[in-house]
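Below is one structure, written out as structure tokens, with a few remarks after it.
The numbers here are math on the coordinates, done by the rules we state, and not lab data. All values derive from a computational prediction rather than experimental measurement. No Cβ is skipped: glycine too gets one built from the backbone with ideal geometry, and neighbour counts run over all protein chains shown.
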Amino acid sequence: MADPQHAANPVLITDAAMSYEEELAARKHRYKIMMGMRIPLMVLAGVFYTIPWLAVALLVISIPLPWMAVLIANDRLPKKREEVSRFQADRPQIEAPAARAVEHRVIDQED
């Protein structure tokens, strides 16, 4: 028969790390977003060719995007800093603490 105290206090694990497949999917998603930003930036630079400072700024932003996307996609996601949760069962004390110890009468044997 199961211990009723264990049944009343189940241990839940809710902050488990992502699996490798989920992490890889998240990194691919970031890569696609960053690479998807490059083409619109280059097209906007072509649209705003009459405003040279804006066209150059858009091109300068779009140039390092592939390099940054590869670096970010190849890097693993940071691990969460976690505090370890330890189960502390309420257990009755076997002996009373020293401050509350009961004085026992000692009878010495006389020779």
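Side notes on the structure shown:
- Proximal charge balance of residue 31 [Cβ under 12 Å; K/R count +1, D/E count -1]: +4
- Between residue 75 and residue 28, the simple spin-label model (points 7 angstrom out along Cα→Cβ) gives 2.2 nm.
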